[in-house]
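**Q** So that we are looking at the same thing, I have put the structure below in structure tokens.
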Amino acid sequence: MNKAADLAEEMGDDGTVIRLSGNLAIACLHDLPARLDGYQDAVRAIDLSQVDHIDTIGAWTVHRTAARLGADIVGANEDARRLIEAVGQLDEPVTIRPDHAPPWKRVVGQIGEAVTNAGSTLFGLLGFFGASLVTTWALIRHPSRFRVNAVVQRFEVVGVSALGIIGLMSFLIGIVIAQQGSVQLRQFGMEMLTINLVGRLTFRELGVLMTAIMVAGRSGSAFAAQLGTMKLTEEIDAMRTIGVSPMEALVLPRTLAVVVMMPLLGFYSSIVAIIGGGFLCAVSLDIPPITFVQRLREVVPITDLWVGLIKAPVFGVIIALAGCYQGMQVKANAEEVGLRTTAAVVQAIFLVIVIDAFFAVFFTWVGWN
């Protein structure tokens, strides 16, 4: 078995025959591949009847030489024949690097792929929203199936646990708005209008918008990760097997919790941002809190409050559906849980901002400006 590989050449009337012998394993080939490469003319056959053993490298050497010289392989035993046929099936050109494409082709391809993914995701979200409506109607018809405990638990996770971070964020945003606004308005001697800026901008836009972004990053990502992990561990399939609807048990409680908590969190965020703006006005502009509150009552119409409260539940629906939809799409492995979680946050924030722009146009059209 350890005899070194060797070859002998036999000339005949019908052509040259190369007879290989010994061990055609990688450790015993030595200079045999180089000697075989030295043959340039056609060879009638390569005889393996005297070969004691052959491995994958030896089989590949024989197959490559036979293909290059147009020779037949003869005398091989059953194992050698199967091995040579196996390596022959892999005789395909291997591309280490893809063919170079012009930059404009790559850019167009990436744009097309992004558009296709966006369209399929939007279509999937619409279908998921329709399934949620069907499930909601089923629960209205059969209220005994409504899971109160699950909804109350989500109230705590989505709302109560988020009060601290949303309050801190809103307070700092109120300070930033007041500080930047006062710096610009001071050029015209109109620092008092900082109150107008803080009040209207907070109640109408930033309070509910920043809350939606925070909830999307905090709760939307949690929904995607939780449902994605359950999908990966086949818990959702087990629920379907025992007759429990995942839409009723998992999606609807989360969606309802976010829809109910978003107006409350948005109002809370606006109030805290007003407090932050009033704090800076008192410290930096010497505007007393009483004057600040009185001015707010004069310049902020009640419609600004209604605008924020109307947008909040719509944003809640978008955040919950994006998180739950992406979580339910997990199929392959744990890495996809992270990818779907990231996609849920990005899509929720993007859709919230798009819908907010439509709301701005709509409320201006109806005269709430």
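**Q** Would you say GLY327 is under 18 Å from LEU232 (Cα atoms), touching a Leu at 6+ places or on another chain (Cβ under 7 Å) and among the small types (Gly, Ala, Ser)? Talk me through it step by step, then tell me what you get.
**A** Details: under 18 Å from LEU232 (Cα atoms): yes; touching a Leu at 6+ places or on another chain (Cβ under 7 Å): yes; among the small types (Gly, Ala, Ser): yes.
When the stated conditions are applied, GLY327 passes them.
**Q** Residue under question is ARG82, and the condition is that it be in the same structural domain as VAL346 (by TED's automatic domain parsing) and either at pLDDT 85 or above or touching a Gly at 6+ places or on another chain (Cβ under 6 Å) (or both); does it hold?
**A** Details: in the same structural domain as VAL346 (by TED's automatic domain parsing): no; either at pLDDT 85 or above or touching a Gly at 6+ places or on another chain (Cβ under 6 Å) (or both): yes.
Here the answer is no, as ARG82 does not meet what is asked.
**Q** Next question, about the same structure. Condition first: assigned by TED's automatic domain parsing to the domain that holds GLN153, more than 19 Å from the chain's Cα centre (by Cα) and within 16 Å of MET169 (Cβ to Cβ). Can you find one or more residues in segment 233-240 that meet it?
**A** No, every residue in segment 233-240 fails to be assigned by TED's automatic domain parsing to the domain that holds GLN153, more than 19 Å from the chain's Cα centre (by Cα) and within 16 Å of MET169 (Cβ to Cβ).
**Q** Looking at segment 196-214, can you tell me whether even one residue there is within 26 Å of ARG145 (Cβ to Cβ), assigned by TED's automatic domain parsing to the domain that holds ALA131 and touching a residue at least 24 places away in the same chain (Cβ under 8 Å)?
**A** Taking segment 196-214 as the starting set, the residues that turn out to be within 26 Å of ARG145 (Cβ to Cβ) are none.
Looking through segment 196-214, none of the residues is within 26 Å of ARG145 (Cβ to Cβ), assigned by TED's automatic domain parsing to the domain that holds ALA131 and touching a residue at least 24 places away in the same chain (Cβ under 8 Å).
**Q** Sort out for me the helices (runs of 4 or more DSSP H) sitting completely within segment 185-287 that have 3 or more residues that are closer than 19 Å to ILE310 by Cα and out of contact with any Pro (no Cβ under 8 Å at 6 or more places or on another chain). Break it down into steps so the answer makes sense when it comes.
**A** Details: elements: 193-201, 207-215, 221-232, 235-241, 252-284.
Result: 193-201, 207-215, 252-284.
**Q** Would it be correct to say that LEU193 is over 23 Å from LEU168 (Cβ atoms), in the same structural domain as GLY338 (by TED's automatic domain parsing), in contact (Cβ under 8 Å) with a residue 40 or more places away in the chain and not charged (D, E, K, R)? Can you show your working first?
**A** Working: over 23 Å from LEU168 (Cβ atoms): yes; in the same structural domain as GLY338 (by TED's automatic domain parsing): yes; in contact (Cβ under 8 Å) with a residue 40 or more places away in the chain: no; not charged (D, E, K, R): yes.
Considered against the rule, which asks whether it is over 23 Å from LEU168 (Cβ atoms), in the same structural domain as GLY338 (by TED's automatic domain parsing), in contact (Cβ under 8 Å) with a residue 40 or more places away in the chain and not charged (D, E, K, R), LEU193 comes out as no.
**Q** Got a sec? Which of ALA343, ALA312, ALA320, ALA332 is in the same structural domain as LEU232 (by TED's automatic domain parsing), over 19 Å from ILE166 (Cβ atoms) and either assigned to a helix (DSSP H, G or I) or among the hydroxyl-bearing types (Ser, Thr, Tyr) (or both)? Show your work before the answer.
**A** On the way: ALA312 fails: over 19 Å from ILE166 (Cβ atoms); ALA320 fails: over 19 Å from ILE166 (Cβ atoms); ALA332 fails: either assigned to a helix (DSSP H, G or I) or among the hydroxyl-bearing types (Ser, Thr, Tyr) (or both).
The conditions single out ALA343.
The values are calculated or read from the model by the stated rules, or taken from the named source; none is laboratory data. It should be emphasised that the depicted structure is a prediction, and the values quoted were computed from it without experimental measurement. Heads up, the Cβs are rebuilt from the backbone with ideal geometry, glycines too, and the neighbour counts pull from every protein chain shown.
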